[in-house]
1. Write down the radius of gyration of region 212-319 and its Dmax, each obtained from C-alpha positions, in Å.
2. Where the centre of each part is set by its Cα atoms, how far does region 20-89 sit from region 212-269, in angstrom?
3. So what is the relative contact order for region 411-498, in percent, with contacts set as C-alpha pairs under 8 Å and at least six apart?
4. Of all the C-alpha pairs in region 528-624, what % are more than 16 Å from each other?
5. So for the chain, what are the equivalent ellipsoid semi-axes in whole Å, largest first, each being the square root of 5 times an eigenvalue of the Cα gyration tensor?
6. Among LEU160, SER505, PHE256, pick out the residue whose Cα is farthest towards the positive end of the charge dipole of the chain, where Lys and Arg carry +1 and Asp and Glu carry -1 on C-beta, about the Cα centre.
7. Take peptides 239-248, 568-577, 169-178 and line them up by average Cβ neighbours within 10 Å, highest first, as a rough protection proxy.
8. Bin width 10 Å, origin at 0, all Cα-Cα pairs of region 264-347: what percent of pairs per bin?
Amino acid sequence: MNQDIERVRERIEALSAEIEAHNYRYYVMDDPTISDARYDKMIRELEKLEKQYPSLASPYSPTQRVGGQPREGFATVRHLSPMMSLANAFDEGELRDFDRRVRQALPGEPVKYVVEPKIDGLAVSLFYENGLFSRGATRGDGETGEDISENLKTIRSVPLRLRKIVRALEVRGEAYMSKDSFARLNEAREETGEPLFANPRNAAAGTLRQLDPRITASRRLNLFVYGIGYSERVDPRDHSDVLQLLQELGLRVNEFHLFDDMAEVIKYCLDWQSRRFELPYAVDGLVIKVDSLVQQQRLGATMKSPRWAIAYKFTPEQAVTTVKNIFVRVGRTGVLTPTAEMEPVRVAGTTVSRATLHNEDNIREKDIRIGDRVMIQKAGDIIPEVLAVLPDERKGDEKVWTMPSECPSCGSRVARAAGEAAVRCANIACPAKLWEGLIHFSSRHAMNIAGLGPAVLAQILAGGLIHDPADLYRLRFEDLVALERLGPKSAQNLLGAVEASKKNSLARLIFALGIRHVGERSAKILAAHYDSLEALMGAGEDELMVIPEIGPKIASSIVSFFAAAQNRQVIDKLVQAGVNTRAARNSSAGAGPLAGKVFVLTGALESFTRQEAQEAVERLGGKVSASVSRSTDYVVAGEKPGSKYDKAVSLAIPILDEDEFKKLTGMD
Ligand code: IVH
C-alpha cells in the first residue's frame with residue numbers, strides 16, 4: 001500500500017512538473033510544444049489522481065486555479081515596500097528634461113536606459129515564499145492594497161510555483177485585459193443591458209475586484225511583471241538583469257530595450273506611436289528606467305514617484321468630427337443599438353465613420369444631437385465612441401434624436417425591460433434578427449459555413465429561400481445558381497460547406513443557436529455535460545444551475561429559449577436535416593465505476609458542497625440529475641432532504657446517506 005502511495009506521489013509530481021513546464025511555454029513564452037488535447041489529457045489524469053488521493057493534492061498544483069469560493073470582501077495587505085507611481089513626460093522636451101535631471105545627479109557617469117511598454121492595466125504585487133505563490137494584492141493607496149490572491153491565481157501566466165526556489169520575492173506587474181476579451185465582454189454586456197466598461201483598464205479593474213473568482217476566471221486576464229518590490233538572496237546589478245531573472249523564474253516579462261543615450265530613446269518612443277495599435281493589448285505609453293540599480297538608489301524618489309524612471313505618455317487618440325445621422329441597428333437578440341454616422345476622421349490608426357452610442361440613456365445624458373460637433377475616442381483604442389458634444393460649436397439647427405417606438409426592420413413595437421438600458425424588438429420573425437442570427441449561425445466558431453458572406457446571404461434572403469437557420473439545409477443547387485452573382489462553383493462550395501456542417505460538434509450547434517448569454521464557453525460546458533441537444537432541451541433551471549459556471553441568468557435564458565415553440569420547430573427541422581445533435585464522447589467517458597448511473601442529490605451534505613458531490617459522481621463516470629424519476633439509480637440524502645426523498649421512497653429507489661455516498665465515491 002505504502003509503495004502504491006509512493007508511486008502515486010511520484011506520478012503526481014512528475015505530471016505537475018510537466019504541466020508547469022508546458023504552462024510556461026504556452027502562457028509565458030507563447031510558444032507551445034504540445035497539442036491542447038495532450039495537455040488536457042495530463043490535466044485530467046492529475047485531477048483524477050488528486051481526487052482519489054486528496055492527501056497528495058498540493059494547493060500549488062496546476063489544477064488549483066479556480067478553487068476559491070465567492071467572498072464577502074477582501075482582506076487588506078501591507079506592501080513590503082511602497083508601490084509608487086510614475087511621473088509623466090508628454091513630449092520629447094520633457095524626456096530631455098528627465099535625462100538632464102538624471103545626469104545632474106550622476107555627474108560624469110555613463111547612464112543606460114531600459115525602455116518597456118507601459119501596459120494600460122492595473123498594478124499588482126505577487127508574493128512568493130520559498131518559490132510558492134503565497135499572496136497577491138492590488139496597489140491600493142500604495143501602502144496597503146487588497147488581497148486578491150484567488151483572482152490572480154486564475155491568470156494562467158501567473159506561476160503558482162517558480163522555476164527556481166527563491167526564499168522571499170515580491171514582484172510587481174500590470175494585470176490587464178486584452179483588446180479581444182474586452183470587446184467580447186462589452187458585447188455580451190450590451191446584449192444584456194449591463195453597463196459597459198469604458199476601456200480594458202476599467203474592465204480589468206472590475207474583474208480583479210470580483211468577489212467570485214469563477215467570474216474572474218471566465219474573463220481571462222493576463223499579466224506582465226516589470227520589477228521587484230522586495231527580495232531575499234537575489235542580487236541583480238541592473239534592471240535589465242532583474243527582467244532577465246524574472247523571466248527565468250517563470251514570470252511573464254514584456255519585451256524591453258536598452259539604450260546608451262536619450263536621443264536613441266526618443267527615436268524609439270516616436271516609432272512606437274503607431275506600433276502600439278498593432279498590439280493585442282492597450283499600451284498607453286513607454287516607461288523609461290535607469291538601468292543600473294546602484295544609480296537608481298542614488299537617484300532616490302520623491303514622495304510619489306522614483307527619480308530614476310519616467311512614463312512617456314502617447315498622445316491620446318481623440319478627434320473631433322460631425323454627427324451626420326443616427327441610425328439604429330437591430331442585433332441578433334433584438335437589441336436596438338443607436339449608432340452615429342460621422343464625417344470620416346482618423347483616430348488611433350484607422351479611419352472612423354461610425355461610433356456606437358450604446359443606448360438611449362447615453363444619448364440623453366450626453367445630449368448628442370444630429371449635426372453636433374463631437375469629440376470621439378476609441379474605448380481602449382478599439383471601439384469608437386462619442387466622448388462628449390462640443391456645445392459651443394452648435395449652430396442651432398441640430399436635431400434631437402429619440403429612440404423609435406417601432407423596430408426599424410420589421411415595424412413591431414419595441415419595449416424596454418425594467419432595469420435594462422436596452423430596447424428590444426420581440427418579434428421572433430424580425431428579418432434583422434434573422435439576418436444577424438444567420439450570420440452568427442454560420443460564423444467560424446459556430447457552424448463554420450464558409451461561403452455564406454453578407455452578399456450571398458442578402459441574395460438568399462431576398463429570394464425568400466430561407467426563413468430560419470434550418471432552411472440552410474434545404475437549399476438546392478438550382479435555387480442558388482439562379483441567384484445573381486453566384487456561379488455554379490460557389491454554389492457547389494456553399495452546399496458542400498452546409499453539408500459538412502451537419503457533422504459539427506454539439507458544442508458548436510449549441511453556440512450557433514444563439515441562445516442569449518450562451519457564448520462559446522458555456523456551449524462547450526453544456527455539451528460536455530449533456531449527451532445530446534434533446535437532453536439539454538429537457539433540462540430545468542435547477543438542473544442547469546448545478547453545472548459549474550452556469551448561473552441563473554444563463555439557465556433561465558436556456559429554458560425560455562427551448563420553451564419557445566418557434567425555436568423548437570427550428571430544432572426539429574435541423575434534426576430532420578440530419579444535423580448532429582449528439583455529444584461525441586471520448587473513450588474515457590462512459591467508463592468509470594459509476595458509468596451510466598444517475599444520481600439525484602437532496603438536502604445539505606456535511607463534508608462537501610453540492611458541486612463537489614456532483615463532480616465526484618461525474619469523475620467516476622456517473623451523472624447527476626435534478627429530479628427523481630424511474631431512471632434514477634441513487635438518491636443521496638443529506639440533512640433536511642426535500643420532496644425528492646419522498647419520491648425516491650415511493651419509487652423504491654436506493655437512498656444513500658452521506659457516509660454511504662462517501663464510500664461509494666471513494667471520498668471516505
Ligand atoms: S514601473 C515606481 N513599468 O504604470 C513605479 N510601471 O504610474 C514603478 N505600469 O500603475 C512602476 N507598465 O503599474 C512600471 N513597464 C512598467 C509598467 C508600469 C505599466 C504602470 C504601473 C503603475 C503605473 C505607474
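Nothing in this text is a laboratory measurement; each read-out follows from the coordinates by a stated rule. Predicted model only: the values in this text are computed from it and were never measured. Don't worry about glycine lacking a Cβ; one is built from the backbone with ideal geometry, like all the others, and counts go over all protein chains shown.
1. Final numbers for Rg and Dmax: 16.4, 51 Å.
2. 19
3. On the way: 73 pairs, mean separation 18.5, N = 88.
Relative contact order of region 411-498: 21 percent.
4. Values: 2967 of 4656 pairs.
In whole percent, the share of Cα-Cα pairs in region 528-624 beyond 16 Å is 64.
5. Numbers: eigenvalues 412, 319, 103 Å².
Working through the eigenvalues yields semi-axes of 45, 40, 23 Å.
6. Farthest along the dipole direction, towards plus: SER505.
7. On the way: 239-248: 18.9, 568-577: 15.7, 169-178: 24.3.
Those peptides, ordered most packed to least, come out 169-178, 239-248, 568-577.
8. Reading the bins upward from 0: 13, 25, 25, 17, 12, 8, 0.
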